[in-house]
Each structure stands twice: as structure tokens, then as C-alpha cells.
Amino acid sequence: MTPLAYILKSPGLEPPIRRVLAVDAGSRCIRLLLLENRFGKLRLLKQDAVDLQEEGLVSAAELMVHLQTTLADWGRPPLALALPQQIVVSQIVDLPPVPDAEARQLIEAETVKLSGLSESAMVYDFTRVTTATESRQSFWVTFCQEGEIQSRIAQLGFEDQDFREITTAANALLTAWHAAQPAKRDAVLVHAGAQSTTLVVIRNGVAVFASSFPMAGDFFTRAIARLRKGTTEAAEALKHSTNLLSGGQALAGFAEIVDGWAAELKRQLSEWRGHPSEAAGSLTSGTVIATGGAFEQPGLLDYLAARAGLKFQRWPTDHALDAVVPAMGFEIALGAALQALGLGPQPASLLPANRRAAWKKRLGRQRLEFANAVMLGACLLALTIGLWQRFASIHRKQAMANKVQAGLEVVQANIALTSDLLNGYDVLRPLFEHQQTTVDVLQSLALLQPARSNRALWFVLVADQRTYFAQPPAATNRPAITVTETELTVRSRDTTNASPARPGLIAELCIPEDEDAARSTLSQVVNSLKKAPVFVRVDELSKDLRRSLADPKVLVPERHFALALDFTNTEFHAGSSAKRFRLPPPGRLPTNLAPNP
């Protein structure tokens with residue numbers, strides 16, 4: 001017995017572009033499918049069906065020559081061979097929870113028991129699967145005699161070829177089904193070829209049963225030839241062109257032949273462990289997929305649905321990728337290619353030990369070639385980047401020198417233009433300032449009107465600060481007062497300016513209430529005016545800055561207050577424009593002196 005590596009073999013690092021040629025060799029037709037994995041994207045490159053009778057490939061030598069020519073034309077990629085299910089055993093084996101090493105020994109012993117007393121070397125593989133069995137761990141075990149595998153390879157003349165994968169028809173069908181319908185978790189796949197019918201039972205996305213029986217297309221052809229007492233060639237042509245099961249051209253006795261095939265299919269399904277024979281109907285009541293050339297016979301699917309209760313559906317292609325949708329009949333070849341590329345959900349690899357070693361040797365050579373190619377590409381890329389950086393540095397330096405020269409000229413021109421712009425703006429700025437002041441005054445008057453609503457107060461004076469402070473200070477013999485922090489700020493401002501006037505208004509008002517109530521009302525007026533965006537500061541004017549402009553007849557002593565209402569500075573006020581259009585100091589010329597609009 002030839003044991004393989006445990007569970008799924010990891011391919012390791014492989015080139016990003018991989019190709020595999022899948023071979024599905026039947027008794028009447030050999031199907032070839034070339035699949036490519038280019039940076040994780042699958043692409044179906046070629047597919048071809050070699051009809052042995054139409055091509056006249058009767059002898060084994062003629063077949064070998066034809067296949068060798070085809071392989072040479074397709075670039076001799078590594079092969080993936082799908083073995084007929086009748087020479088393979090695939091079965092679920094349940095084991096108690098044990099370590100992986102002990103599980104391997106138990107599976108090897110189970111394989112010996114299932115294979116019987118044959119002295120031939122066995123090739124087997126197994127992979128862990130998830131089933132509904134509690135307190136058990138299940139494995140999908142597949143094994144075959146090594147002599148059978150070598151015999152199939154010799155029949156095709158592939159002894160000197162490199163094999164990437166050898167799998168079974170059932171596993172290939174399972175892999176192709178997952179690629180076509182990944183969401184369908186339960187199905188029965190039935191593939192009827194020329195000599196045998198292969199079936200796979202899938203439950204919860206896992207293949208739980210696989211079998212094959214020697215009744216398929218050739219079985220129907222021989223029955224037709226016997227019933228009509230003609231040749232098999234005529235019977236084959238009649239089978240593909242005429243409905244022999246119903247209608248006026250129905251062939252007497254042929255329906256019983258089809259019933260026998262259906263009964264055998266149900267019997268095979270009833271052998272699935274854990275399902276008695278009476279449950280065979282429930283097994284076929286769900287999704288039953290038909291594939292293979294035998295189902296191309298006219299009227300066969302309708303007859304099986306009506307008489308045998310087998311409602312077959314065609315192989316789906318609506319959810320499969322357009323790049324990997326093969327022609328009808330290439331499902332097994334596609335599944336073998338997908339498993340060879342590592343995309344099988346439940347792989348079963350039956351590569352003999354010598355061919356596995358040969359493939360590892362070729363894979364190692366490919367890795368070395370790929371690593372050399374990557375290293376060479378990296379060197380070329382590094383050299384290209386170095387040269388590009390060198391030329392880019394030279395170009396940047398030259399461009400920088402030209403830019404500095406041009407920048408000096410632009411700076412001088414910008415300085416002249418900026419000076420002209422500032423001079424022109426200074427001519428118009430007073431007009432804009434007066435216009436802005438007029439707008440602010442109108443808004444202030446509109447705000448002062450609601451400020452006295454519902455309050456016991458009246459305004460005795462509203463004047464702009466420039467006119468107000470132009471008058472002489474009021475004479476007073478009042479004692480010294482405590483200077484608040486705000487007043488201190490105002491006084492410090494006044495010491496640095498010739499006049500305490502700022503853009504704004506002075507509003508004097510009288511509040512004929514007691515001292516506490518008057519102060520409270522004054523605070524409410526100040527707070528309401530502070531909310532207006534037209535004022536940057538609203539505060540009580542200190543008594544030493546007051547002017548005697550109001551009529552004494554309308555004043556209430558000790559209840560007379562003055563408020564300084566400073567307008568928010570704009571671009572039109574003196575000082576703000578100077579900051580925006582400040583000329584650079586000598587010796588520090590920026591590259592861009594364009595003023596802000």
C-alpha cells in the first residue's frame with residue numbers, strides 16, 4: 001500500500017500563472033480541457049472532444065500519436081487525469097475522535113479492509129469532512145489499485161508526461177458542481193456516459209456517497225440493436241435522432257430496458273449507508289442533476305420523470321463564471337482541472353508515489369525559475385528606478401535654477417504691482433470705510449430701538465465716537481473710582497493713541513430705578529447688544545472719558561449711564577488693510593507676493 005500525505009497537500013509557493021490540461025478518457029470520446037489560473041483569475045483556454053470512431057482511432061498506437069500531437073500543440077502543460085469511478089472506491093469512514101496520527105493509522109487499516117485481500121499496491125487519499133454524526137469524525141476515503149492507474153496512463157500513452165493530479169470522476173463532478181452552484185447544498189449528480197453511470201450524493205455541500213454501475217449509453221445502444229435486429233452503428237444513430245419511448249416511433253421493449261436502468265439507479269442510491277431501500281424515493285425527490293451523453297437521447301428525461309419518478313435537471317450554468325463555463329459533457333474535465341489547481345472542496349488525489357515525486361521535482365524547478373525571474377525583474381526595476389531618479393534629480397536642479405531666476409524677476413514685478421495696488425486702494429479705502437460705518441450706524445440704531453422696549457429707560461444721546469471724543473471732557477469733582485479690568489484695557493489703548501475714539505458709537509441713557517434695579521437693567525441691555533455681530537465690544541464707558549453733550553433737563557442724576565459700542569473691524573478700517581497688504585522686509589522676498597483679493 002502506498003500512503004499519501006495526510007489530508008490536503010499544500011502546493012506551497014507556485015508561479016502566479018499556472019495551467020493544467022484535464023483529461024476525461026471515455027470508451028468512445030476523450031475530452032481535453034485546458035484551464036489557466038492567472039493571478040487568481042480562472043480562464044478556460046481550450047477544450048476539445050476527440051471522438052474515437054469519427055477520428056478512426058481504433059488502435060491504441062493511433063490514439064497515442066493523436067494525443068501526443070495534441071499535447072505538443074497545446075504546449076505540453078501538466079496533466080490532470082480523471083479515473084473512471086468503476087475502478088475506484090470512495091466512501092465516508094467514521095472514526096472516534098483521535099489525534100491525526102492515530103486517525104491515519106485507522107484509515108489505512110480501514111482501507112486494507114475495504115480493498116480486500118488484493119496483493120496489488122493501493123493508492124489512497126482521505127480528507128476530513130463535516131457530517132451530522134455526533135461524537136464522531138468523518139473522513140472521505142478514496143483508494144484504487146496502483147496497477148489500474150498505471151494501466152490507464154499507459155493506454156493513453158502518457159508515461160513520459162508530468163501529472164499534476166489524478167482524481168476520480170465522482171470527485172471531479174463534486175468540484176465542478178461547487179464551482180457551478182456553490183449555494184446548492186443538497187443534490188444528486190448522475191453522469192451517464194458511454195459504458196457506465198456515475199452518481200454522487202451531496203448533503204450539506206459534502207459528498208457522502210459515490211458509486212458507478214455498467215449501464216449507460218452503450219447499454220441502450222445494444223438494447224436497440226437487439227430489439228431491431230440491426231447493427232450498433234444504426235442503433236446509435238437512431239438513438240440520437242428518434243424518440244423510441246413514446247409516440248408513433250416508440251420501440252417495443254425499449255421502455256423496459258430504461259426501467260431496468262432506473263431501477264438500478266435507485267438500488268445504488270438505496271445502498272447509501274443509513275438509508276434503507278424504502279428511502280430511495282426521498283433521495284431522488286430533491287435536486288437530481290443529469291449530465292453525460294446518454295441523456296441526449298430524445299424523450300429520455302421526460303420518460304424518466306413520468307414513469308420512474310426521476311425528475312432530472314440539466315447541469316446549471318447560470319451562476320458559473322463565464323470564463324469557466326465549458327461545453328456540455330466537459331463537467332468531469334473541468335472538475336479535475338479545478339482540483340488540480342487547488343480549488344477542490346473535498347479533494348481526492350490518487351497520484352502514485354513515483355509520479356508525485358516527479359511532480360514535486362518539476363514544481364521545485366518551476367519555483368526556482370520563478371524566483372530567478374522575480375530577482376531579475378527586481379534588479380531591472382531597481383536599475384530603472386535609479387536611472388530615473390538620477391535624471392529626475394538633474395532635471396529638478398535645472399528646473400529649480402530656471403525657476404529661481406524667473407522668480408527673482410517675478411518678485412520685482414510683484415513688488416511694483418503690489419505698491420500700485422496699495423496706493424490705489426488707499427485712495428478708495430476712506431469711501432468704503434464711510435460706507436461701512438453708515439451701514440453699521442443704521443444697524444446699531446435698529447438694535448437700540450428694541451433694547452429699550454418693555455424697560456424703564458430712555459436714550460438721551462447717540463453719537464459716533466469720533467465726534468463724541470472731539471468734545472472736551474466733562475468737569476467733575478467726583479472722588480476716584482475703582483478701575484475695572486476692561487476700563488484698564490481701554491485706558492491703555494487710549495495712552496497709545498492720540499484719541500480714544502474707535503469705529504463705533506457712544507450711547508447715553510437714563511434708567512429711573514433704584515441702584516440695583518438700574519444696574520440689572522443696564523446689564524440686560526449690554527448683554528442683548530453684545531449678541532449683535534455688528535459690535536465687537538459693548539461696555540460701559542468710564543466716567544473720566546465722558547463728555548457733557550446731553551441736555552441736563554432730560555438727565556436723572558446718578559442714573560445716567562454711557563455705553564461704548566465698538567464696531568467690528570473690517571478690511572476697510574485703517575490697520576487691517578495694512579496687515580493684509582504688508583510689504584516683505586528687505587532681504588526676505590517670498591516667491592509669491594500676490595495680495596489676497
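The values are calculated or read from the model by the stated rules, or taken from the named source; none is laboratory data. Note that the coordinates shown come from a computational prediction; the quantities given were computed from them, not determined experimentally. Cβ placement follows ideal geometry from the backbone for every residue including glycine, while neighbour counts extend to all protein chains displayed.
Take the conditions outside any helix (DSSP H, G or I), surrounded by fewer than 20 Cβ atoms within 10 Å (Cβ to Cβ) and touching a Phe, Trp or Tyr at 6+ places or on another chain (Cβ under 9 Å) and apply them to Ser211. Does it pass?
no
Here are some residues: Val410, Val427. Which one is more than 30 Å from Ala564 (Cβ to Cβ) and at pLDDT below 85?
Val427
Output the qualifying pairs, or none if there are none: Cβ atoms under 6 angstrom, residues six or more apart or on different chains, first residue in the range 449-473 and within 13 Å of Ser499 (Cβ to Cβ), second residue aliphatic (A, V, I, L, M) and assigned to a helix (DSSP H, G or I).
If the second residue must be aliphatic (A, V, I, L, M) and assigned to a helix (DSSP H, G or I), no pairs are left.
Take Ala170 and tell me if it is surrounded by 18 or more Cβ atoms within 10 Å (Cβ to Cβ), touching a strand residue (DSSP E or B) at 6+ places or on another chain (Cβ under 6 Å), assigned by TED's automatic domain parsing to the domain that holds Gly260 and under 19 Å from Val123 (Cα atoms).
No.
From Val410, Val374, Val439, which residue is among the aliphatic types (A, V, I, L, M) and either within 30 Å of Lys531 (Cβ to Cβ) or touching a helix residue (DSSP H, G or I) at 6+ places or on another chain (Cβ under 8 Å) (or both)?
Val439
Taking the criterion of being in contact with a Leu (Cβ under 8 Å, 6 or more places away or on another chain), part of a helix (DSSP H, G or I) and modelled with pLDDT under 90, would at least one residue in the range 548-563 satisfy it?
No, the range 548-563 contains no residue that is in contact with a Leu (Cβ under 8 Å, 6 or more places away or on another chain), part of a helix (DSSP H, G or I) and modelled with pLDDT under 90.
The rows are residues; the columns are (1) outside the structural domain of Ala49 (by TED's automatic domain parsing); (2) in contact with a Ser or Thr (Cβ under 9 Å, 6 or more places away or on another chain); (3) of a type in the set (A, V, I, L, M, F, W, C).
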position	(1), (2), (3)
Glu296	yes, no, no
Gln346	no, yes, no
Trp359	yes, no, yes
Glu369	yes, no, no
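Quick check, is Ser211 under 43 Å from the mean Cα position of the chain (by Cα), assigned by TED's automatic domain parsing to the domain that holds Glu264 and of a type outside the set (A, V, I, L, M)?
Against the criterion (under 43 Å from the mean Cα position of the chain (by Cα), assigned by TED's automatic domain parsing to the domain that holds Glu264 and of a type outside the set (A, V, I, L, M)), Ser211 qualifies.
Test Leu380 against the stated conditions and say whether it is at pLDDT below 90 and not assigned by TED's automatic domain parsing to the domain that holds Gly147.
In short, no.
Confirm whether Gln155 is touching a strand residue (DSSP E or B) at 6+ places or on another chain (Cβ under 9 Å), assigned by TED's automatic domain parsing to the domain that holds Gly344 and in a loop (DSSP other than H, G, I, E, B).
Answer is no for this residue.
Does Asp539 satisfy the criteria of being among the acidic types (Asp, Glu), more than 60 Å from the chain's Cα centre (by Cα) and part of a helix (DSSP H, G or I)?
no
Residues being in contact (Cβ under 8 Å) with a residue 24 or more places away in the chain, surrounded by fewer than 21 Cβ atoms within 10 Å (Cβ to Cβ) and small (Gly, Ala, Ser): count how many of those fall in the range 214-260.
Residues meeting the conditions: 7.
Just give me the residues in the range 56-92 being assigned to a helix (DSSP H, G or I), surrounded by 18 or more Cβ atoms within 10 Å (Cβ to Cβ) and small (Gly, Ala, Ser), in sequence order.
none
May I ask you to list the residues in the range 126-152 that are surrounded by fewer than 22 Cβ atoms within 10 Å (Cβ to Cβ) and under 19 Å from Gln86 (Cα atoms)?
Val141, Gln145, Glu146, Gly147, Glu148, Gln150, Ser151, Arg152 - these are the residues of the range 126-152 that are surrounded by fewer than 22 Cβ atoms within 10 Å (Cβ to Cβ) and under 19 Å from Gln86 (Cα atoms).
Hey, among the residues in the range 1-25 that are at pLDDT 85 or above and small (Gly, Ala, Ser), which one's surrounded by the fewest Cβ atoms within 10 Å (Cβ to Cβ)?
Residues of the range 1-25 that are at pLDDT 85 or above, as a first pass: 18-25.
Going one step further and asking which of them are small (Gly, Ala, Ser), we end up with 22, 25.
On the way: Ala22: 31, Ala25: 22.
Once the filter is applied, the top-ranked residue is Ala25.
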